[in-house]
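For reference, the structure discussed in these notes is given below.
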Amino acid sequence: MTCNVMDGNNRTLSAFHACVSILIIVRHLPKRPHPVSGYPPAGMISITDLSVVSINSACQPRSKAAYLISITDHEDAVPLSRQRNYATLSAFLFCFFFAQAMAISLLSIWLTRSLHLNGAQAGTVFAVNSVGAMLAQPAYGFLSDRMGFRKVVPVCIALLVILAGPFFLFVYAPLLRWNLPAGAIVGGIYLGFTFMAGSYALESYVDRVGRRYDFEYSRVRLWGSIGFATAAAFSGRLYNVDPAINFFLASAAGLLLLPLIQLARIEPDPEAQAAADRLKLQDSLELFSDPKFWRFMILILGVTNLYLVYDQQFPFYFSSLFQTPEHGNAMFGYLNSAQIFVEAGGMFIAPLIIRRIGATRGLLLAAMIMILRIAGSGLAIGPITISICKMAHAIELPILAVSIFRYIAYHFEARFAATVYMVGVSFGHSLGLAVLSPLVGISYDRIGFQHSYFLIAGFALVFWIWSCFALAPTPAEYVPRRRRPIDPGSGSAAAQDLQPLEDKP
């Protein structure tokens, strides 16, 4: 696009035309990824391709010259693709998490009431599900990095979700009734690859595409939270009618996933895709010899795992602070729904915060909120204070999620991004829960919830302090520009930043 502001008798009109042209051009400039994280810049547009002449307060043309504004960009189609991919991936995550809530949010009730498993048998099923997830997470990590921008992983997960209804009713339930170990193993493989590890794989894919097309992962992920909350709002009532309705609604949501992912127009970055095609398993294994990876894992294995263990039995402690457990359970359900919607709003706001403080400070901030929530739960004396502690999760989670992806994007090669997330975060959480859950359970029985919370918070604080020194620094992505003083003789402060072209005869 080229705009010439020629000599004219009416200088006021020329100035007006020039200013309007500049505004139109800047408005339609595509946003470029930030060099720190690969994400779009915050609240401003980089005008690196803009060369303009100096325009003073009267916009006086120079002799024998024209003022040329030339904008060239090889990504003219990016804005349209950005909007299309954002919309389709948002709808994709909405449907996936809707299916996830329908299929497994009431799994414990289905196992005990519908299949009549006792506590030990249900515990065995959940333990095998965790093992299935741990097997799926490294596999998804390597496969996601190997496939790059290809839609192989989302399509495979969509096909597995479609099978949810038939699997639960005609495979899983009969197997559990006939032979518990066999049913648990088959169910663990299916649930591990579909819903438990599948959600992490989809989040990693969305982050990869978001960095390519300049939209925020978190603002796509918030639709997943809304989808989960939408299903949770009426899944209990449908279960009371017939559990089969929930499972087949999960399959129905899965049927929408395939056309949605096909609607996305994802053109891979040639260099990034070429690097992904060359990736070998040995390359991914070398990640474990990288000191930066293990310094990152101090916070993940330490603070966040302790927080997840604390959160496992928090509903029981929450309900114990109410007059009756039934009242506490009902209030927990209401707060859980409210928390999910607040969390969705936090997913929209969190990037604005992380851009200004950097991913490393974002991780430390989220971890500190976790520690305060754990300690605050031990100090809670009634329904109001414990409810405040519950809602703190909606503040911490968006900050943590955004910070993790931005930290990985800055400190690790893009071809290892999914592996770092699936192995370091997802697998690390599963392993940590398997090791810590029995120990914390014993602590609850021996010294009670309150003292256990203080103990967990103390250990988490130690890991937090360690992380302050171990995590690599990440610069802020947005630094507000200082406004230059206006020179009365040379126009506005913005005009002083414009450089003149050389006169041409």
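The values are calculated or read from the model by the stated rules, or taken from the named source; none is laboratory data. The structure presented is a predicted model; accordingly, all values stated were derived computationally and were not measured. All Cβ positions, even for glycine, are placed from backbone atoms using ideal geometry, and neighbour counts span all protein chains on display. The accessibility values were calculated without ligands, DNA or RNA, using every heavy atom of the protein model including side chains. Shrake-Rupley method; radii C 1.70, N 1.55, O 1.52, S 1.80 Å.
A few notes on this one:
- The Cα atoms of the range 108-215 define a convex hull whose projected area, averaged across directions, is 7.2 nm².
- Each of Ile371, Met391, Tyr410 was scored by the projection of its Cα onto the charge dipole of the range 341-432, and the greatest displacement toward the positive side belongs to Tyr410; charges sit on the C-beta of Lys, Arg, Asp and Glu.
- Tensor-based shape of the range 426-468 (alpha-carbon gyration tensor, a/c under 1.5 rounded, otherwise prolate or oblate): oblate
- Local electrostatic count, Leu365, Cβ distance below 15 Å [Lys/Arg +1, Asp/Glu -1]: +4
- Heavy-atom accessible surface of Ile465, to the nearest 10 Å², is about 80 Å², with a 1.4 Å probe and all protein chains retained.
- Globularity index of the range 147-300, i.e. its alpha-carbon radius of gyration over 2.2 N^0.38 Å: 1.26
- Rel. contact order, % - alpha carbon contacts under 8 angstrom, at least six apart, the range 326-416: 42 percent
- Debye log10 I(q)/I(0) at q = 0.19, 0.24, 0.25, 0.32 Å⁻¹ for the range 314-363, Cα point scatterers: -0.68, -0.79, -0.83, -1.06
- Extended-chain gain in nm, criterion 0.36 nm per residue less alpha-carbon gap, Gln121 and Leu372: 86.8 nm
- Accessible heavy-atom area order of Thr194, Thr385, highest first, probe of 1.4 Å: Thr385, Thr194
- P(r) tail, the range 371-434: Cα-Cα pairs separated by more than 12 Å, 74% of all pairs.
- Summing Lys and Arg as +1 and Asp and Glu as -1 over all other residues whose Cβ lies under 14 Å from the Cβ of Thr304 gives a net charge of -1.
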